1. Listed residues L66, L74, L40; which is under 28 Å from the mean Cα position of the chain (by Cα), under 14 Å from I172 (Cα atoms) and open to solvent by less than 10 Å² (accessible area, probe 1.4 Å)?
2. With the structure loaded, tell me whether F345 is touching a Ser or Thr at 6+ places or on another chain (Cβ under 9 Å), open to solvent by less than 10 Å² (accessible area, probe 1.4 Å), in a helix (DSSP H, G or I) and aromatic (F, W, Y) or whether it fails that test.
3. Scanning segment 105-117 for residues that are under 23 Å from R267 (Cβ atoms) and of a type in the set (G, A, S), which turns out surrounded by the most Cβ atoms within 10 Å (Cβ to Cβ)?
4. Might you check whether a residue that is surrounded by 23 or more Cβ atoms within 10 Å (Cβ to Cβ), within 13 Å of the chain's Cα centre (by Cα) and of a type in the set (S, T, Y) occurs anywhere in segment 225-242?
5. Restricting the first residue to segment 382-393 and requiring it to be more than 11 Å from V409 (Cβ to Cβ), which pairs with a second residue that is open to solvent by 40 Å² or more (accessible area, probe 1.4 Å) meet a Cβ separation below 6 Å and a spacing of at least six or different chains?
6. Looking at A342, A369, A355, which one is modelled with pLDDT under 95 and hydrophobic (A, V, I, L, M, F, W, C)?
7. Looking only at segment 276-314, which residues are open to solvent by 10 Å² or more (accessible area, probe 1.4 Å), closer than 20 Å to G52 by Cα and without any contact (Cβ under 8 Å) to a residue 40 or more places away in the chain?
8. Could you check, for segment 25-37, whether at least one of its residues is under 24 Å from the mean Cα position of the chain (by Cα), farther than 23 Å from A262 by Cα, at pLDDT 95 or above and surrounded by fewer than 22 Cβ atoms within 10 Å (Cβ to Cβ)?
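The values are calculated or read from the model by the stated rules, or taken from the named source; none is laboratory data. Just so we're clear, the structure is a prediction, and the values are computed from it rather than from any experiment. Using ideal geometry, Cβ is built from the backbone for each residue, glycine included, and neighbour counts are taken over all protein chains shown. Protein only, heavy atoms only, side chains kept; ligands, DNA and RNA dropped before computing areas. Shrake-Rupley method; radii C 1.70, N 1.55, O 1.52, S 1.80 Å.
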Amino acid sequence: MSQDGMMAPALMWFRRDLRLADNPALLDAVAAGDGRVTGLFVLDPALWDPAGGPRRDHLITSLKALSDAMGGKLVVRRGDPADVVPELAKDLGAVSVHSAADHGPYGQRRDAAVEAALDCPLVTTGSAYAIAPGRVLNGQGNSYQVFTPYFRTWLEHGWRGPVDAPDSVEWIGKRGDALPDASPVEGAGEAAAREHWADYLDTVAGYDDERDRPDLDTTSRMSIPLKYGEIHPRTMLADLARKRSAGAEAYRRELAWREFCADLLARNPQAAWKPLRSEFAKMQYDEPGEAFEAWCAGRTGYPIVDAGMRQLAESGFMHNRVRMVVASFLVKDLHVHWKYGARWFMRNLRDGDLASNSLNWQWVAGCGADASPYFRIFNPITQGTKFDPAGDYVRRWIPELRDVAGKAVHEPWKLAEPPADYPAPIVDHAEARTEALRRYDGIR
C-alpha cells in the first residue's frame, strides 16, 4: 500500500521510449501497479551536458508532448538516476520500477547502479530495437562481424508484433523539476512521429531509387523519432510488411543496419570512440586545426561537403549519403581522426545516436566491422555530380553559389569568375588521396 492508503503504484522510468503505444515496459508497469503508474523522466547530467542544442530542444519538446498525453502528470527530475529513481520509488512505496533495457555502455552501468540502490525490483521489458542486441547469433552461438549474414539471421529470428497503448492508466503525479527552456521543435512527440510515418509510407516505394539523392530530399528522417523512441521499429516493420516493394525492402534493411550497429556497440563498448580493428590504432592522423574548423563551418571549398555541413548547422540533420561524403573527406582528405567528426555530429545532430553514429563513422574510416575498405575514398566532386546532378542541394545550402547554374556548381573554382565570397578548395583531393593511401600502407 502507498502512503495514501491506496494500492502502491508502479514507477515507469521513461528513457528512450517517449511514447505510450507499443511500449511493453509500460504495459508491465500498468499490470504491476493495478493501473496506477507514476511516469518519470530523469534529466541526467551525464547525458544532458554533452548533448547539443538540437537534441536538447527535441527532447524537451517530446517530453512536453508525452506529459500532455499523460494528462500533465509526467514527473521530471534532474540528477543522477542512481539517486533520483530510488528516492522517488521509496517516496511512492512503488511495487516495482519498469523500463526498457538499455544496451549502451553508459546505460548498462547506470541501470546496474540504480538496481543496486533500489528497495524494489527493477524490471526491464523490451528494448529500443525489434531484436535486442545479443540475440542474433550464428550457428556456433557467436555474434556476427559482417552485416549480410547478420541480416539473414535477423530476418529468420523475427520479432514480436507491436502492442497497443494501455486501455486505462491512473497517472500518479509527484513534485518534479521544471523543464529547461528550449526552442520548440515542430514534429517532435509520439503523435507527430506516427503521423509523419503514415505519410511517408505512401512514398516508401521510391526509397530504394531515391535514398542517395540529397537534392530530392525524400528520405523519411525517421531516425529522429527512433532516437527518442517516439515510435518503435516494431511498429514500422509491421507497416512495411504490408508494403510490397523494393523500396520497403530497402528500408527494412536500413532498420536492420541500425540494429547491427547497436549489437556491435553492446559487445564492444570501446567502439564508441576506439577502432574495432586494432591495427588502426597505429594509423597516422593529423591534429584537428584550421582545416577541421573549416570542415565544421562548411568552408572547405568543396560544395557537396560544405552543403552537408551547413545543413547540419542550420537544421540539426544531414542527408545520409552526404554524411558518408563529409566523413570520408574529414578522415581521408584532411587526415583527421574520425572520433573528432563523430563528436561534432553528436553535438549537432537531432538524431545523434551513439551506436549508429560511431559505427557508421568507423565504417567510412575503414576501421569497423564490415567496414568500407580504407582505400575506398569518396571523391567529393564525383559524389556531388552523381547524387546532386543539377546542383540543387548545393544551391539550397550555400547562398554564395546560388547564381551558379547546373552541375558547374560542384567545381566553382573552374568558373571564369569564381564567386568571391566562396573559398577555394583547402586541399587538392588527388594529393590528399595519395597521402591517405600512403598512411594506410604504413599499418598494413
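1. Numbers: L66 fails: under 14 Å from I172 (Cα atoms); L74 fails: open to solvent by less than 10 Å² (accessible area, probe 1.4 Å).
Testing whether each residue is under 28 Å from the mean Cα position of the chain (by Cα), under 14 Å from I172 (Cα atoms) and open to solvent by less than 10 Å² (accessible area, probe 1.4 Å) leaves just L40.
2. Working: touching a Ser or Thr at 6+ places or on another chain (Cβ under 9 Å): no; open to solvent by less than 10 Å² (accessible area, probe 1.4 Å): yes; in a helix (DSSP H, G or I): yes; aromatic (F, W, Y): yes.
No.
3. Here is the first cut: in segment 105-117, the residues under 23 Å from R267 (Cβ atoms) are 105-115.
Filter once more, so that each one left must be of a type in the set (G, A, S): 107, 112-113.
Values: G107: 19, A112: 12, A113: 16.
Checked segment 105-117; the qualifying residue surrounded by the most Cβ atoms within 10 Å (Cβ to Cβ) is G107.
4. Yes, some residue in segment 225-242 is surrounded by 23 or more Cβ atoms within 10 Å (Cβ to Cβ), within 13 Å of the chain's Cα centre (by Cα) and of a type in the set (S, T, Y).
5. From segment 382-393, the pairs are F387/D212; F387/R213.
6. Details: A342 fails: modelled with pLDDT under 95; A355 fails: modelled with pLDDT under 95.
Going through A342, A369, A355 in turn, the sole match is A369.
7. Passing the criteria: E293, A297, A313.
8. Just the residues of segment 25-37 that are under 24 Å from the mean Cα position of the chain (by Cα), to begin with: 25-26.
So of that shortlist, the ones also farther than 23 Å from A262 by Cα come out as none.
No, there is no match, as no residue in segment 25-37 is under 24 Å from the mean Cα position of the chain (by Cα), farther than 23 Å from A262 by Cα, at pLDDT 95 or above and surrounded by fewer than 22 Cβ atoms within 10 Å (Cβ to Cβ).
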